[in-house]
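What follows is a short report on a single structure.
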Amino acid sequence: GGFPIQYSVDGFDPSDVEFPSGESYESFLSLPFLQDTPKRNVVMCGKPGTGKSMLSIILGQEACDRGIPTRFFRTTDLVDLLEENGIKAVTRMLDKVQLLILDEFGYVPYSLSGSRLLFNLVSSFQGKKSIILNTYNEFSKWVDILGDDRLAASFSGKVVDNGYLILFRGQDRRFDSLHRQEAP
């Protein structure tokens, strides 16, 4: 899986998370996006520290527990891998993967060549495999990340259309837990 850390299912607090209509934290643990035909993507959007990475790792662990090949990447690391090795090598490396988790999308802008490679990889997954993409940027800002209007529109279409959008409404939980630890 490549997860940077492990989390327990009951360690996640979904109270500030807005799931798509008819869905909940519990229903998402059954991985509906992987069961749909065609496969669907999940975009998790919210401020840093609100639980996007944690939830995506929990869903990734659930997929692994069910024998579904899953890979987790910080998006910057995947873009670097694409630029260093090329799309064919990375596509081969991810051939068996059914769930690709892209964390921290948009924390730093990507080069235009890196953006194009990422777009091509995402395009190759469309309908056949699922992607979970975590971002704090609204879709209108994706052009700043990817560096090209048409590329940003096409990329967001491929990731978002017919996908699930999960909104994280809370404040930075890391900051809150730090304050709780410091309180007398």
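The values are calculated or read from the model by the stated rules, or taken from the named source; none is laboratory data. Please read all numbers here as calculations on a predicted model, not as lab measurements. Every residue, glycine as well, gets a Cβ built from its backbone with ideal geometry; the counts of neighbours run over all protein chains shown. Note: accessible area is taken over every heavy atom of the protein model, side chains too, but ligands, DNA and RNA are not part of it. Shrake-Rupley method; radii C 1.70, N 1.55, O 1.52, S 1.80 Å.
Can you name the residue in the stretch 1-22 that is of a type outside the set (Gly, Ala, Ser) and in contact with a strand residue (DSSP E or B) (Cβ under 7 Å, 6 or more places away or on another chain) and, of all such residues, is surrounded by the most Cβ atoms within 10 Å (Cβ to Cβ)? Working first, answer last.
Here is the first cut: in the stretch 1-22, the ones of a type outside the set (Gly, Ala, Ser) are 3-7, 9-10, 12-14, 16-20.
From what is left, the residues that are in contact with a strand residue (DSSP E or B) (Cβ under 7 Å, 6 or more places away or on another chain) are 3, 16-20.
On the way: PHE3: 18, ASP16: 14, VAL17: 21, GLU18: 14, PHE19: 16, PRO20: 15.
Once the filter is applied, the top-ranked residue is VAL17.
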* Asked: Of all residues in the stretch 65-111 being in contact with a Gly (Cβ under 8 Å, 6 or more places away or on another chain) and open to solvent by 50 Å² or more (accessible area, probe 1.4 Å), which is farthest from SER8 (Cα to Cα)?
  -> SER111
* Asked: Can you tell which of LEU59, LEU78, LEU55 is part of a helix (DSSP H, G or I) and either out of contact with any Phe, Trp or Tyr (no Cβ under 9 Å at 6 or more places or on another chain) or on the phi > 0 side of the Ramachandran plot (or both)?
  -> LEU78
* Within the set of pairs 6+ apart or on separate chains, which have a first residue in the stretch 33-59 that is under 14 Å from LEU102 (Cα atoms) and open to solvent by 20 Å² or more (accessible area, probe 1.4 Å), a second that is not hydrophobic (A, V, I, L, M, F, W, C) and not in a loop (DSSP other than H, G, I, E, B), and C-beta atoms under 9 Å apart? -> CYS45/LYS52; CYS45/ASN134; CYS45/THR135; SER53/ASP103; SER53/GLU104; SER53/ASN134; MET54/GLY11; MET54/ARG173
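Hey, could you check the stretch 127-154 for residues that are out of contact with any helix residue (DSSP H, G or I) (no Cβ under 7 Å at 6 or more places or on another chain) and without any contact (Cβ under 8 Å) to a residue 40 or more places away in the chain and say which is most open to solvent (accessible area, probe 1.4 Å)?
So in the stretch 127-154, the residues out of contact with any helix residue (DSSP H, G or I) (no Cβ under 7 Å at 6 or more places or on another chain) come out as 127-129, 135-136, 138, 140-141, 144-145, 150, 153.
Add one more test, that the residue is without any contact (Cβ under 8 Å) to a residue 40 or more places away in the chain, and what stays is 140-141, 144, 150, 153.
Numbers: SER140: 83, LYS141: 92, ASP144: 103, ARG150: 187, ALA153: 65 Å².
The residue in question is ARG150.
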* Asked: Which condition breaks for GLY67 when tested against (1) at pLDDT 95 or above; (2) under 19 Å from ARG40 (Cβ atoms); (3) not in a helix (DSSP H, G or I)?
  -> (2)
